[in-house]
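Below is one structure, written out as C-alpha cells; the observations come after it.
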Amino acid sequence: MNPLIIIAGLPETGKTTAAQKLEQRLEGYELHTPHPIEQAWGIKEGVADEHPPVWMELYNLAQKTIEEGKGAIVEVHFVDTTVRESFYMLTAYWKTEILILECTCSPEEAARRLEKRLGNPPEPSPYTRAAAINSPITLEELNARMSIHELNGQTVTRSHAVYDTETGTIEIIYATPGIRKILRTIEDTLIYKANP
C-alpha cells in the first residue's frame, strides 16, 4: 500500500505547488487540497485549518482514496494535534506509512509570494497569523523527537522531511526503509537541479 503523504507548512510556503508536482510525478496517487473545499463552502482562502470541517473533509477524502487502494497526498497546515493524530490513526488502521513533507521558507519570501499572488495582501497575512499561533520547531527539536508515535495502542511510524521551497533543498529528518524510495522520487521532482 502506498504511504500517505502529508504536505504540511504555514501559508505561502509552497505546499500547493509541491503537492501538484508530486501528484503529476507519483503514479497511483490522488491529491487533496483545502482550496476547492474553501471555495465550495465560502471560506476565506488560507484559513482552512481554523475550520475543523475542512480538515475533516480532507481526512475523509484521504480515507476514501486509501480504501480504493490508491495513495493520497494531502495538503494541510498539520499543526493542530487533533489533525495530526487523526491522520496517524488513519495510517495505523490501514497499516500504511506516513510521510510528512514540511514546506518552509523565510517570512520575507512568504510575504513576497502573497503580494505577487494577491496584489494587496491582507494584514496580518495568513503566514503571520499562522506563525503567531504556532511556535516554530527547529531541526534539532525535530531530530530529537521519536519517529514512533503511540496512539491508543496503535504504533505509527512516521517519516519526516523538511522542504525549503525558497532554496530548493530537502532535509530528511527521519525516513523508514519503506519511505526512502519514494523520498528519492520526491527529491528528484522538487530539488532544483543546477545546470552543468
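The values are calculated or read from the model by the stated rules, or taken from the named source; none is laboratory data. Please read all numbers here as calculations on a predicted model, not as lab measurements. In this analysis, Cβ positions are derived from the backbone assuming ideal geometry, glycine residues included, and neighbour counts consider all displayed protein chains.
Residue count for segment 159-181 under the criterion of being out of contact with any helix residue (DSSP H, G or I) (no Cβ under 9 Å at 6 or more places or on another chain) and assigned to a strand (DSSP E or B): the result is 2. The selection criterion, being modelled with pLDDT under 75, among the β-branched types (Val, Ile, Thr), over 16 Å from residue 6 (Cβ atoms) and over 19 Å from the mean Cα position of the chain (by Cα), holds for residue 155. Of all residues in segment 91-116, those satisfying the criterion of being in contact with a strand residue (DSSP E or B) (Cβ under 9 Å, 6 or more places away or on another chain) and either without any contact (Cβ under 8 Å) to a residue 40 or more places away in the chain or among the aliphatic types (A, V, I, L, M) (or both) are 92, 98, 99, 100, 101.
One residue stands out among those in segment 1-43 that are over 19 Å from residue 113 (Cα atoms) and of a type in the set (D, E, K, R): the one that is surrounded by the fewest Cβ atoms within 10 Å (Cβ to Cβ), which is 27.
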